[in-house]
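Structure, as structure tokens:
The values are calculated or read from the model by the stated rules, or taken from the named source; none is laboratory data. Given the structure is predicted, the values throughout are model-derived calculations rather than measurements. So basically every Cβ, Gly included, is an ideal-geometry build from the backbone, and we count neighbours across all protein chains shown. Protein only, heavy atoms only, side chains kept; ligands, DNA and RNA dropped before computing areas. Shrake-Rupley method; radii C 1.70, N 1.55, O 1.52, S 1.80 Å.
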Amino acid sequence: MEAYDTGSDARQGRDGHQDPVGSDGASEQTGGADGTTGTSQDAPPRTGVAALSPRYQVGAVVALAVVAIAVCAHMGLVFLHLAPSNTLTKQHGEAVDEWVFPEFEQNWKLFAPNPLQQNISVQVRADVSTADGEIRTTGWYDLSAEDGRAIDGNPLPSHTQQNELRRAWDFFVSSHDSDNRPVGMRGTLSETYLRHIAVQRLDRNDAAGEGGTVERVQYRSRTTNVAPPPWTGEKVSDRPAYRELPWWTVPGGTSAKDDGDAANGAAKDGGAA
């Protein structure tokens, strides 16, 4: 008998031709034992947590809950560590420190309680011996403005442009009193660091001129208040305040390269101030 012989149970297509079972892509419906209609295809398999037995599902949910609680607790403790002093940190600061240190230590704060409200410009001038033996005093060179111009519009400014002068000045201020007298052993080192930076910058600006030599340098800072927003109603002085340091003698025979090497060595110590 041919495979496609007609019979009493053969299915007929719309055009009267024989339609093999399942040729239309639909599954053959069969009657169930209870009289209901089912399909010959099995239900899709379960995946993920749903594929586990009820006992393991409970274990997975408990494990996820424990991880979520641990992450939230860690984030909360780190937040308290970075946040300014408050009631919680005063009461539980020791517990916060025990959790954070040393593995999760952060060297920055989430907020700035006392942001800088002044612009500080560091300037330098020099006494120069000219080629004909005369001594002349240069004008003030605004080193901070030079760094600002080098950074402005530069997508990748160097560490030196951003931090060398600023860190050197902070190092000096923190190691000297208001009368510019050294406090502790690091005061002299900070003076040496600043003097070397001055020689480098003056040489870069050709302050001594052809055949000239820088004999002495002097620093000063120019501090101006940042104007508050108009809506605050606050009034601050817009007059600049100056702080002049004494003249420092430049050791004879010191070249700009030698000063650069010395300044780099002093920077390693001064950067920790």
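If you go through the range 211-231 and keep only what is outside any strand (DSSP E or B) and open to solvent by less than 50 Å² (accessible area, probe 1.4 Å), you end up with Gly212, Pro228. Only one of the numbered conditions (1) open to solvent by 50 Å² or more (accessible area, probe 1.4 Å); (2) part of a helix (DSSP H, G or I); (3) not charged (D, E, K, R) is not met by Asn119, and that is (2).
Tell me yes or no: at least one residue of the range 144-164 is among the basic types (Lys, Arg), in contact (Cβ under 8 Å) with a residue 12 or more places away in the chain and either in a helix (DSSP H, G or I) or closer than 16 Å to Pro246 by Cβ (or both). Scanning the range 144-164 turns up no residue that is among the basic types (Lys, Arg), in contact (Cβ under 8 Å) with a residue 12 or more places away in the chain and either in a helix (DSSP H, G or I) or closer than 16 Å to Pro246 by Cβ (or both). Annotation for the range 52-70: at least one member residue is surrounded by 12 or more Cβ atoms within 10 Å (Cβ to Cβ) and not in a helix (DSSP H, G or I). Asn180 falls short on exactly one of the conditions (1) open to solvent by 40 Å² or more (accessible area, probe 1.4 Å); (2) touching a helix residue (DSSP H, G or I) at 6+ places or on another chain (Cβ under 9 Å); (3) part of a loop (DSSP other than H, G, I, E, B), and that condition is (1).
Table: residues versus (1) of a type outside the set (Phe, Trp, Tyr); (2) within 30 Å of Ser237 (Cα to Cα); (3) at pLDDT 90 or above; (4) in contact with a Cys (Cβ under 8 Å, 6 or more places away or on another chain).
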residue: Leu82; (1), (2), (3), (4): yes, no, no, no
residue: Gln91; (1), (2), (3), (4): yes, no, no, no
residue: Pro102; (1), (2), (3), (4): yes, no, no, no
residue: Phe111; (1), (2), (3), (4): no, yes, no, no
residue: Pro115; (1), (2), (3), (4): yes, yes, no, no
residue: Asn119; (1), (2), (3), (4): yes, yes, yes, no
residue: Val122; (1), (2), (3), (4): yes, yes, yes, no
residue: Arg125; (1), (2), (3), (4): yes, yes, yes, no
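The set of residues in the range 232-250 that are modelled with pLDDT under 90 and either surrounded by 11 or more Cβ atoms within 10 Å (Cβ to Cβ) or in contact with a helix residue (DSSP H, G or I) (Cβ under 9 Å, 6 or more places away or on another chain) (or both) contains only Val236.
Across the range 197-210, the qualifying residues are those that are in contact with a strand residue (DSSP E or B) (Cβ under 8 Å, 6 or more places away or on another chain) and part of a loop (DSSP other than H, G, I, E, B), and the one among them that is most open to solvent (accessible area, probe 1.4 Å) is Asn205.
The condition of being surrounded by 14 or more Cβ atoms within 10 Å (Cβ to Cβ) and of a type in the set (Ser, Thr, Tyr) holds for only one of Ser158, Ser175, that being Ser175.
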